[in-house]
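One structure is given here, and the rest of the page talks about it.
The values are calculated or read from the model by the stated rules, or taken from the named source; none is laboratory data. Because the structure is a prediction, the values reported are computed rather than measured. FYI the Cβ positions are ideal-geometry reconstructions off the backbone, even for glycines, and counts take in every protein chain you see.
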Amino acid sequence: LLQLLPQDRSLPPVVFHYIPWFGSAAHYGDNPIKFFFDCREKYGPVFTFVLLGRRVTVALDPAGNNFIMGGKHTVFSAEDAYTHLTTPVFGKDVVYDCPNELLMEQKKFVKFGLSTDNFRAYVGMIEDEVSGFMKNEPSFRVFQANDINEWGSFEAAKTMSEITILTASRTLQGKEVRSKITKEYAAVFNDLDGGFTPLHWMFPNLPLPSYRKRDAAHKKISELYVSIIRNRRENPGQEEEHDMIASLMGQKYRAGRALKDHEIAHIMIALLMAGQHTSSATSSWALLHIADRTDIGEALYEEQVKHFRQPDGSWRTMEYEEIKDLPVMDSVIRETLRIHPPLHSIMRAVREDAVVPQTLASPSEDGQYVIPKGYMVMSSAAVSQIDPMLWKNAQQWDPLRWSDPEGVAAQAYKAYNDADGAKVDFGFGLVSKGTESPYQPFGAGRHRCIGEQFAYLQLSTLIATVIRQVELKLPEGGVPPPNYHTMITLPKTPATILYRRRKFD
Ligand code: HEM
């Protein structure tokens, strides 16, 4: 009843809920996107909901994205929002367990390792890993002669998760980690991963086995990295490494000191976690949609044939520069990330009272909302990316919208541009990276992703290697709906894809 009494007019409207502490946890947790759209209709683009005792103010639409992603880090803090989840997994002194300025330096170090030179070396390695997986994995042996004309099947998320960790470890993580991943360390990585769930975000320390396993796994993996680093220090110059450990070992903070071994180890764990689920979810969704739209599958295949099929029928490895010039592949990934951004909610903790711009939402013509210190804020590009007010056929997976400058989405978008001072360039390859963009699968602003180019490289090479060898289709039932119960939005299971080895002419 208290909720029906007039509240402080400067506070954003609170979403009605029956159970005080629990609040809207069930609605939000079950389907945050529907929850956000429903609330926007009732309360406008800025509203507060109660989530297990926390007050969370959501700001939607491109203006809301801009307000939160472009906000000062002294007002909206990522470290305060995430550290209790990430520090037990990544470890001390990195990412959200250090002052924000140090994170910015660490991101620069990592960017340095994500160089074009290294990317050039990675394409062949990824191709090799994916082909090897398809050849040797019992559930995916497409080269067995009797597979021609027969349809096999694989589980999208499980298969992509395995391929992603193999390709990431072979490239970024380095050969020592790659050699451990499928052997004695597989279960340990799994335990660490088990610490990265919504439950662990809400309750960082419960006396449950998964928490103990997380801590033991962190210790073991951290020690593994430190031993790799020490071994490399003691045996320098054996061969040139293109991985991130090698790159981080050569970096120095502005203060003049090199990174300590445990800092390198913990950055490596952070990168593993940041790239693993995001990329494997994206490749799962991409392959599911390609299997659903066989015309797009064939367009992708034709693109590969045109550029990389040799006269004798074999395939040549793509050059890194060539990957960036594959319009069908690029649109498939771009469109997959529009409909299925792996992160549906971006969170920050409010460190100082924050005034909401009137143009975004206000209680009255001369009033302004204030989000009090101690609240959390949330932005969701997952909403603006499928908002029917911004995109035509917003819910439809249609890669062609990106490659056709006169296409429906481009026109829908132009209206937005014109209304908003033409801040956003729309069209193939031109989506703004600004905080005000409605398309932000990699975030925006200070905490924007630095793994985007690596992810595109990894995803393009993976999809190309699969599509060169097999045709895909879906069983009855189409693309499965999203499961929002994990940190990263995955397809609900079963998410089965059928495949058949291609016949070469
Ligand atoms: C940050 C998405 C792959 C490393 C982010 C953020 C998003 C995102 C939305 C912003 C988070 C926030 O503002 O709170 C994605 C997607 C990926 C991907 C969709 C793949 C499809 C990767 C990979 C790496 C990586 C492969 C590492 C190689 C990072 C790092 C940050 C970040 C270091 C910065 C965190 C910060 O500054 O607070 N990513 N990511 N990501 N991502 Fe990614």
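Filtering ALA291, ALA274, ALA299, ALA265 for residues that are within 22 Å of ILE497 (Cβ to Cβ), touching a residue at least 40 places away in the same chain (Cβ under 8 Å) and hydrophobic (A, V, I, L, M, F, W, C) leaves a single hit, ALA291. For segment 450-491, residues that are in contact with a Lys or Arg (Cβ under 7 Å, 6 or more places away or on another chain) and over 20 Å from GLU155 (Cα atoms) total 1. Tell me, please, whether a residue that is over 27 Å from ALA255 (Cα atoms), outside any loop (DSSP other than H, G, I, E, B), in contact with a Leu (Cβ under 8 Å, 6 or more places away or on another chain) and in contact (Cβ under 8 Å) with a residue 60 or more places away in the chain can be found in segment 28-40. So far as segment 28-40 goes, yes, one or more of its residues are over 27 Å from ALA255 (Cα atoms), outside any loop (DSSP other than H, G, I, E, B), in contact with a Leu (Cβ under 8 Å, 6 or more places away or on another chain) and in contact (Cβ under 8 Å) with a residue 60 or more places away in the chain.
Listed conditions (1) out of contact with any Pro (no Cβ under 9 Å at 6 or more places or on another chain); (2) under 26 Å from LEU114 (Cβ atoms); (3) surrounded by 14 or more Cβ atoms within 10 Å (Cβ to Cβ) are all met by GLY250, apart from (3). Quick check on segment 308-360: of everything there that is within 14 Å of the ligand (Cβ to nearest atom) and in a strand (DSSP E or B), which residue is farthest from the chain's Cα centre (by Cα)? Out of the qualifying residues, it is ALA349.
For ALA274, are the conditions met, namely being surrounded by fewer than 21 Cβ atoms within 10 Å (Cβ to Cβ), in contact with a strand residue (DSSP E or B) (Cβ under 8 Å, 6 or more places away or on another chain) and not acidic (Asp, Glu)? Taking the combined requirement at face value, the residue does not satisfy it. Scanning segment 77-93 for residues that are within 10 Å of the ligand (Cβ to nearest atom) and surrounded by 23 or more Cβ atoms within 10 Å (Cβ to Cβ) yields a single hit, THR86. Residues in segment 17-36: is at least one within 26 Å of GLU365 (Cβ to Cβ), surrounded by fewer than 13 Cβ atoms within 10 Å (Cβ to Cβ) and either of a type outside the set (Asp, Glu) or modelled with pLDDT of 95 or more (or both)? Among the residues of segment 17-36, not one is within 26 Å of GLU365 (Cβ to Cβ), surrounded by fewer than 13 Cβ atoms within 10 Å (Cβ to Cβ) and either of a type outside the set (Asp, Glu) or modelled with pLDDT of 95 or more (or both), which makes the answer no.
Selection of first residues in segment 101-114 that are in a helix (DSSP H, G or I) and of second residues that are near the ligand (Cβ under 9 Å from one of its atoms) and of a type in the set (Asp, Glu), restricted to Cβ pairs under 8 Å at least 6 apart or on distinct chains, gives the following pairs, ordered by first then second residue: LEU103/GLU79.
Quick check on this structure: which one of LEU166, LEU102 is modelled with pLDDT of 90 or more, more than 20 Å from the chain's Cα centre (by Cα) and either surrounded by fewer than 17 Cβ atoms within 10 Å (Cβ to Cβ) or on the phi < 0 side of the Ramachandran plot (or both)?
LEU102
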